[in-house]
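Each remark here refers to the structure printed beneath this line.
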Amino acid sequence: NTFLGSIIININDVTATYLLAVNNSKRRTNFLSNILLWESILYAKNAGCLFFDLGGIDRIKTPGIASFKLGLNPKLHEDNKLTITLI
């Protein structure tokens with residue numbers, strides 16, 4: 001019964017938006033943030049979403065998450081936000 005992490009997404013019409021993820025820093029699990037984000041993408045797709053807003057990227061503070069997000073081949077918007085199409 002140990003908390004490892006959690007993620008919050010918002011689904012509005014056909015777009016899911018990644019809002020927040022937290023991890024237990026004392027029990028850090030390899031790639032947990034990536035796993036949570038990937039499962040959220042699958043959940044959104046199964047819920048009928050056409051788009052998933054990944055939010056921004058920070059290649060300095062969170063290079064692993066940035067690499068994961070960029071590996072999804074997202075569309076980069078002017079406000080430095082990333083979106084992928086789930087079709």
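The values are calculated or read from the model by the stated rules, or taken from the named source; none is laboratory data. Predicted, not measured: the structure shown is a model, and the values here were computed from it. When we count neighbours, we look across all protein chains shown, and the Cβ atoms used for this are built from the backbone with ideal geometry, even at glycine. With ligands, DNA and RNA removed, areas are computed over all heavy atoms of the protein, side chains included. Shrake-Rupley method; radii C 1.70, N 1.55, O 1.52, S 1.80 Å.
Here are the numbers:
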item: Where residue 77 falls short, out of the listed (1) open to solvent by 50 Å² or more (accessible area, probe 1.4 Å); (2) in contact with a Cys (Cβ under 9 Å, 6 or more places away or on another chain); (3) modelled with pLDDT under 85; result: (2)
item: Leading residue by the ranking (most open to solvent (accessible area, probe 1.4 Å)) among those in region 41-64 that are more than 20 Å from residue 78 (Cα to Cα) and touching a strand residue (DSSP E or B) at 6+ places or on another chain (Cβ under 9 Å); result: 43
item: Number of the condition not met by residue 48 [criteria: (1) in contact with a Leu (Cβ under 8 Å, 6 or more places away or on another chain); (2) under 14 Å from residue 86 (Cα atoms)]; result: (1)
